[in-house]
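Participant: I'd like to ask you about the structure that follows.
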Amino acid sequence: MYQGEKMKSTIGVEYRKLQVTGGSTYIVSLPKRWIKENNLKPSDTVGIEHLSSGEIQISPKENKNLRRTVDLDLAKYPRGALYDYLIGIYVSGADLITIRDKTELGIKERRIIRQFLRDTRGMEISLDEDNSITIVSLLNPNELPLQVSLNRMYLLVTSLVEDSYGVLSGEDVEELSDHDDRERQIDARRLLVDRQVAMALNSPHIERALGINRYQAMQHGAMSHYLERMGDHAYQFAKLVFETSGEVSVSLDTLPMTSIPVWLSALRSIIRNTYSKEMAVLVDEKLRLKSQLQDLEIHEEELMSSKDRAQNVLIEFKISETIRRLCGYSIDLTETLINMMMAERTNLMESNEEVY
């Protein structure tokens, strides 16, 4: 860089020169605007955190309790997507949502708001008026580790499959009577994980409280999406078994049913090894699932040319496809865990390339 050339900067980043004081202490000035925004003054203490990326982060000693608020004026948005707006606001990490209209809120809008409250976690109505409703978050994102939500999703997914298998084995079909509710719980947990991940990305305080870095937060978000997709297929399986109970018989000793215990065992091992760092276990389970996936693909090809009763073939094909997709998403989940483990073993090295 030529002498006297100004240091280039990117949007939102200021570059300042290091200075030396006392012969051995390096100092850098802080932006005046940031000092004023955080009500700091000389002799106040600030926090300095060394990040895994090699950067440092400076924050006020007292973390301000800021509430993220959104005012949703229905007169400015197409009404048909109110539920989508609310979910988007929730996932972004808003703590206070006000829905208002220039006239009285209708029955349809109130029904959608009730559905939103049912499908999310920790959101409650604090103020209900004729032309506006205010919703607040009562759940502290720091109090629920991401792994707790992932474990809950895993238990809900596997319970749907285990109970479906049980009904096909002769158990009471009423074991699956709540399959709709279990599927909603899986979706709600995924939304909660998305919300926590977004908040962790926007707030170093929440990131620290959750005990993960930003990369890990994003990977947890990916895992929740794989579990949700498994939940969708487990729900379809449970619904199929519930609605056709007693009408179709499926052998438990042949494909595709023999793949269910294998999938359950593999996923259980994968989830248990989320933080155990046993790479060999994850690799072995991935290979086992790949083998089952390939066997199911061959089985489905054979079903396509089968001359058995059409209804039986169709049901068996649907079950096979469901289990195959469960195996596929479990492989994706395993690869995400492997990525996280390898990232933890990655060391930063200084590059000789000069960046301008």
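The values are calculated or read from the model by the stated rules, or taken from the named source; none is laboratory data. Owing to the predicted nature of the structure, the values given are computational and were not obtained by experimental measurement. Here the Cβ positions follow ideal geometry from the backbone for every residue, glycine too, while neighbour counts run over all protein chains shown.
Participant: Out of the residues in region 72-85 meeting the condition of being without any contact (Cβ under 8 Å) to a residue 24 or more places away in the chain and part of a helix (DSSP H, G or I), tell me which one is surrounded by the most Cβ atoms within 10 Å (Cβ to Cβ). Break it down into steps so the answer makes sense when it comes.
Facilitator: Within region 72-85, the first condition is being without any contact (Cβ under 8 Å) to a residue 24 or more places away in the chain, and the residues that meet it are 76-78, 80-81, 84-85.
Applying the additional criterion that residues be part of a helix (DSSP H, G or I) yields 76, 80-81, 84-85.
Numbers: Lys76: 7, Gly80: 8, Ala81: 12, Asp84: 12, Tyr85: 19.
Per the criteria, the residue is Tyr85.
Participant: Shifting gears a bit: Could you identify the single residue in Val157, Val148, Val167, Val173 that is over 15 Å from Thr120 (Cβ atoms) and in contact with a Gly (Cβ under 6 Å, 6 or more places away or on another chain)? It would help to see each step written out before you state the result.
Facilitator: Details: Val148 fails: in contact with a Gly (Cβ under 6 Å, 6 or more places away or on another chain); Val167 fails: in contact with a Gly (Cβ under 6 Å, 6 or more places away or on another chain); Val173 fails: in contact with a Gly (Cβ under 6 Å, 6 or more places away or on another chain).
Result: Val157 is the single residue among Val157, Val148, Val167, Val173 that is over 15 Å from Thr120 (Cβ atoms) and in contact with a Gly (Cβ under 6 Å, 6 or more places away or on another chain).
Participant: Quick check on my filter: what residues within region 76-99 are among the hydrophobic types (A, V, I, L, M, F, W, C) and in contact with a Pro (Cβ under 9 Å, 6 or more places away or on another chain)?
Facilitator: The answer is none; no residue qualifies.
Participant: Please go through region 158-209 and give me each residue that is assigned to a helix (DSSP H, G or I) and of a type in the set (Gly, Ala, Ser), ordered by number.
Facilitator: Within region 158-209, Ser159, Ser164, Gly166, Ala188, Ala198, Ala200, Ala209 meet the criteria.
Participant: Moving on. Across region 226-279, what is the number of residues that are in a helix (DSSP H, G or I) and within 17 Å of Leu326 (Cβ to Cβ)? Working first, answer last.
Facilitator: Within region 226-279, the first condition is being in a helix (DSSP H, G or I), and the residues that meet it are 226-243, 259-272, 279.
Subsequent filtering for residues that are within 17 Å of Leu326 (Cβ to Cβ) retains 226-241, 259-271.
Here the count works out to 29.
Participant: Mind listing whichever residues of region 86-108 are in a helix (DSSP H, G or I), among the small types (Gly, Ala, Ser) and either touching a helix residue (DSSP H, G or I) at 6+ places or on another chain (Cβ under 7 Å) or touching a residue at least 60 places away in the same chain (Cβ under 8 Å) (or both)?
Facilitator: Within region 86-108, Ser92 is the sole residue that qualifies.
Participant: If you check Asp95 against the conditions, is it outside the structural domain of Ile271 (by TED's automatic domain parsing), under 23 Å from the mean Cα position of the chain (by Cα) and either over 30 Å from Leu326 (Cα atoms) or of a type in the set (A, V, I, L, M, F, W, C) (or both)?
Facilitator: Numbers: outside the structural domain of Ile271 (by TED's automatic domain parsing): yes; under 23 Å from the mean Cα position of the chain (by Cα): yes; either over 30 Å from Leu326 (Cα atoms) or of a type in the set (A, V, I, L, M, F, W, C) (or both): yes.
The answer is yes for Asp95.
Participant: So which residues in region 109-145 are modelled with pLDDT of 95 or more and in a helix (DSSP H, G or I)?
Facilitator: Glu109, Arg110, Arg111, Ile112, Ile113, Arg114, Gln115, Phe116, Leu117, Arg118, Asp119, listed by residue number.
Participant: Oh, and also: Every residue in region 233-257 that is without any contact (Cβ under 8 Å) to a residue 60 or more places away in the chain and surrounded by 15 or more Cβ atoms within 10 Å (Cβ to Cβ), please.
Facilitator: Correct list: empty.
Participant: Give the residue that is modelled with the lowest pLDDT, with candidates limited to residues of region 86-108 that are closer than 12 Å to Leu74 by Cα and of a type outside the set (Lys, Arg). Break it down into steps so the answer makes sense when it comes.
Facilitator: Filtering region 86-108 down to residues closer than 12 Å to Leu74 by Cα leaves 86, 98-106.
Retained after the next criterion (residues that are of a type outside the set (Lys, Arg)): 86, 98-99, 101, 103-106.
Details: Leu86: 98, Thr98: 98, Ile99: 98, Asp101: 95, Thr103: 90, Glu104: 94, Leu105: 95, Gly106: 94.
Taking the candidates together, the pick is Thr103.
Participant: Now for a separate question. From the list Ile48, Ile97, Ile89, Ile113, which one is over 30 Å from Asn213 (Cβ atoms) and in contact with a strand residue (DSSP E or B) (Cβ under 7 Å, 6 or more places away or on another chain)? Reasoning before the result, please.
Facilitator: Values: Ile48 fails: over 30 Å from Asn213 (Cβ atoms); Ile97 fails: over 30 Å from Asn213 (Cβ atoms); Ile89 fails: over 30 Å from Asn213 (Cβ atoms).
Checking each option against the conditions leaves just Ile113.
Participant: Still on this model: Among the residues of region 210-225, count how many are in a loop (DSSP other than H, G, I, E, B) and crowded, with 19+ Cβ neighbours inside 10 Å.
Facilitator: Initially, region 210-225 is screened for residues in a loop (DSSP other than H, G, I, E, B), giving 211-213.
Among the residues that remain, those that are also crowded, with 19+ Cβ neighbours inside 10 Å are: 212.
So the count comes out to 1.
Participant: I've got another one for you. In region 54-69, is there at least one residue being exposed (fewer than 10 other Cβ atoms within 10 Å of the Cβ), in contact (Cβ under 8 Å) with a residue 60 or more places away in the chain and not assigned by TED's automatic domain parsing to the domain that holds Asn131?
Facilitator: Yes, the conditions are met somewhere in region 54-69.
Participant: Being under 23 Å from Val197 (Cα atoms), loosely packed, with under 11 Cβ neighbours inside 10 Å and among the hydrophobic types (A, V, I, L, M, F, W, C), is that true of even one residue in region 109-116?
Facilitator: no
Participant: Can you tell me how many residues within region 243-260 are at positive phi and modelled with pLDDT of 95 or more?
Facilitator: Within region 243-260, residues that are at positive phi and modelled with pLDDT of 95 or more number 0.
Participant: For the subset of region 201-212 comprising residues that are in contact with an Asp or Glu (Cβ under 9 Å, 6 or more places away or on another chain) and over 16 Å from Val148 (Cα atoms), which member is modelled with the lowest pLDDT?
Facilitator: Ranking the candidates gives Pro204 first.
Participant: Name the pairs whose Cβ atoms lie under 6 Å apart, with the first residue in region 259-281 and in the same structural domain as Met153 (by TED's automatic domain parsing), the second not in a helix (DSSP H, G or I), and 6 or more positions between them or separate chains?
Facilitator: Val281/Asn273
Participant: Filter region 289-340 down to the residues that are within 31 Å of the chain's Cα centre (by Cα) and of a type in the set (Val, Ile, Thr), then identify the one that is farthest from Ser224 (Cα to Cα). Reasoning before the result, please.
Facilitator: Let us first name the residues in region 289-340 that are within 31 Å of the chain's Cα centre (by Cα), namely 289-297, 317-340.
With the extra rule that they be of a type in the set (Val, Ile, Thr), the set shrinks to 319, 322-323, 331, 334, 336, 338.
Numbers: Ile319: 23, Thr322: 18, Ile323: 19, Ile331: 14, Thr334: 12, Thr336: 11, Ile338: 15 Å.
Across region 289-340, the extreme among qualifying residues is Ile319.
Participant: Of the residues Asp95, Asp101, only one is closer than 30 Å to Leu30 by Cβ, in contact with a Leu (Cβ under 9 Å, 6 or more places away or on another chain) and not β-branched (Val, Ile, Thr); which?
Facilitator: Asp95
Participant: Criterion first (part of a helix (DSSP H, G or I), at pLDDT 95 or above, crowded, with 21+ Cβ neighbours inside 10 Å and not small (Gly, Ala, Ser)) does Leu296 satisfy it? Write out each step before concluding.
Facilitator: Working: part of a helix (DSSP H, G or I): yes; at pLDDT 95 or above: yes; crowded, with 21+ Cβ neighbours inside 10 Å: yes; not small (Gly, Ala, Ser): yes.
When the stated conditions are applied, Leu296 passes them.
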